[in-house]
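As structure tokens, the structure follows; a few thoughts come after it.
Every number in this text was worked out from the coordinates using simple rules, so none of it is lab data. Predicted, not measured: the structure shown is a model, and the values here were computed from it. Positions of Cβ are generated from backbone atoms using ideal geometry, with glycine treated the same way; all protein chains shown enter the neighbour counts.
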Amino acid sequence: MSSQPINVVIAGLGGQGVIKASDILADVAFSSGLDVKKSELHGMSQRGGSVSSDVRFGERVFSPMVPEGEADFLLVIAPDQVEVNAAALGQGGILIDPSQIDESSLTNKKSMNVALLGVLSLHLPFPVEAWTAALERNLPEKLREANLLSFSIGRAVAQTTGQPQ
């Protein structure tokens, strides 16, 4: 892994699982032995307003905030939040958005956040087992099966569209 931290911004609307997705990503990186910093901006999240969470990880991370224009990955759960958060993405950064997932393929529509983590997972140096373990640690048992399936769907979509493995 590079000496520069990996910067990920996860954005969406209140109730879409932005914070949960960032918790899972931070868990994967931390359990893989990396320094991890995370911050959240809730806005009007109780009313479906914008929510974003920055996750930075690497050998050494000093700040939890991703500087504007320096996100390596922008994962957006709500389509209308792509433009709102586009300035976060750095040159050469990768946008991951819900248009990449056929929502009808998900057994639970609320697991779009985890399906998009499946897409993101192919871009990061963590084994699928680390992701599965983090999902199991961060989700209640009654939600695990649907979310593990959604994660697999996201990975499969990324693999078939030529995303890195």
**Study point:** Partners for LYS110 among lysines (Cα-Cα distance below 19 Å; same-chain residues under 8 apart left out)
**Key:** LYS20, LYS142
Study note, to complete from the structure: Here the net charge surrounding ILE10, from other residues whose Cβ is less than 11 Å away from its Cβ (Lys, Arg +1; Asp, Glu -1), is -1
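Give me ARG144, ARG155, ARG60 sorted ascending by neighbouring Cβ count inside 10 Å, so fewest comes first.
ARG60, ARG144, ARG155
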Revision key, fill the gap. Listed with the fewest Cβ neighbours within 10 Å leading, VAL76, VAL128, VAL82 appear as VAL128, VAL82, VAL76
Revision key, fill the gap. Computed over the stretch 6-160, the relative contact order (Cα-Cα under 8 Å, seq sep at least six) in percent reads 24 percent
Point to revise | Residue order, fewest to most beta carbons within 10 Å, for ASP102, ASP23 | key: ASP102, ASP23
Check your understanding: Suppose every K and R has +1 on its Cβ and every D and E has -1 on its Cβ; what is the size of the dipole of the stretch 1-149 about the Cα centre, in Debye to the nearest 20?
Key -> 340 debye
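If the chain were replaced by its equivalent ellipsoid, with semi-axes equal to the square roots of 5 times the Cα gyration tensor eigenvalues, what would those be, largest first, whole Å?
21, 19, 16
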